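First the structure, in the form of structure tokens, and then the observations on it.
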Amino acid sequence: MRGRYRSIDSHRRGFSPTVSLLSTVLLLLFVMGPGTAQAQVVPTETQFGDTVKCYSCMSRLYGAIWENHLALLYKKPKNFTDACDNIAANPDGVPAVHCTSICLSMSEQTNIAGVRVNTHIRGCMSDVLINGFNTTIVQWYRWLHRDSCRMYRKKELFKLPGDFNDESMIEVCTCYDNNCNGSNSSSLSSLSSSAIFLLLSLLLLRL
């Protein structure tokens with residue numbers, strides 16, 4: 001009987017690391033799920049002063065239709081430039097401004113003659129929209145308390161009037177560090193995928 005208990009105990013000891021690693025992978029998948037924060041940060045008072053700098057730009061495409069359409073919705077950025085689409089490739093091509101709020105970047109797919117083009121808007125949260133963002137959404141998703149990336153319906157987020165026919169989606173990323181809104185969310189997704197792949201590989205080696 002004692003040998004039987006020893007055998008069961010040995011089996012449990014051998015199985016425990018695998019269960020522990022699997023639990024870690026499942027927890028990571030849950031935390032890194034779509035729309036969750038990349039890192040939760042409670043901003044300090046100094047971060048809402050002139051110590052936080054954010055890139056201020058829009059893709060050049062927005063500049064071409066600014067006067068006729070966008071000037072009624074957005075505040076004008078420091079410049080319209082292709083460098084706004086990929087700041088990492090040309091960080092000196094986009095100016096930064098001092099923010100009294102948080103930094104954010106927005107990206108959407110614009111349809112031009114049947115071709116989808118990715119466009120970007122970057123700036124201070126308080127300096128992007130003329131009428132500001134939907135405060136209910138800002139509070140519900142805790143923009144002021146954590147870094148995050150999430151898809152939103154423009155009509156709801158921008159508080160567009162009921163007769164405004166726009167059901168498109170836009171991705172908004174919020175952050176707090178200097179020039180943190182220069183990153184594209186796709187790079188964050190790649191990092192998360194790599195981490196998950198590494199853990200899954202370790203799990204397979206344990207089996």
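Each reported figure results from applying straightforward, stated rules to the coordinates on display, with no laboratory input. Given the structure is predicted, the values throughout are model-derived calculations rather than measurements. With ideal geometry, Cβ positions are generated from the backbone for all residues, glycine too; neighbour counts draw on all protein chains shown.
What do you get when you divide the Cα radius of gyration of the range 45-184 by 2.2 N^0.38 Å, with N the number of residues? Walk me through the numbers on the way to the answer.
Numbers: Rg = 14.4 Å, N = 140, 2.2 N^0.38 = 14.4 Å.
Computed over Cα atoms of the range 45-184, the ratio equals 1.00.
Could you give the size of the charge dipole of the range 45-184 about its Cα centre, using +1 on the Cβ of each K and R and -1 on the Cβ of each D and E, expressed in debye and rounded to the nearest 20? Don't skip to the answer; put the middle values down first.
Values: 14 positive and 15 negative charges, 29 e Å.
So the dipole magnitude of the range 45-184 works out to roughly 140 debye.
Which of 84, 149 comes first, and how do the rest follow, when ranked by fewest Cβ neighbours within 10 Å? Before the final figure, lay out each step's value.
On the way: 84 27, 149 23.
The most exposed by this proxy come first: 149, 84.
Fewest Cβ neighbours within 10 Å first, please rank 104, 70 accordingly. The partial results should precede the final answer.
Numbers: 104 25, 70 16.
The order, fewest Cβ neighbours first, is 70, 104.
Near residue 168, within a Cβ-to-Cβ distance under 12 Å, what is the net charge of the other residues, with Lys and Arg +1 and Asp and Glu -1? Write down the numbers at each step before the final one.
Numbers: positive: 116, 153, 154, 155; negative: 108, 156, 166, 167, 171.
With Lys, Arg at +1 and Asp, Glu at -1, the net is -1.
By count of other Cβ within 10 Å, fewest leading, how are 176, 55 ordered?
On the way: 176 23, 55 26.
Sorted ascending by nearby Cβ count, the order is 176, 55.
Please get the size of the charge dipole for the range 114-174, origin at its Cα centre, with Cβ charges of +1 on Lys and Arg and -1 on Asp and Glu, quoted in debye to the nearest 20. Could you put the intermediate results ahead of the total?
Working: 9 positive and 7 negative charges, 35 e Å.
The calculated dipole for the range 114-174 is roughly 160 debye.
Please report the net charge: other residues with Cβ closer than 12 Å to the Cβ of residue 118, K and R +1, D and E -1. List each step's numbers first, then the result.
Numbers: positive: 116; negative: 82, 85, 108, 171.
Around residue 118, the charge tally is -3.
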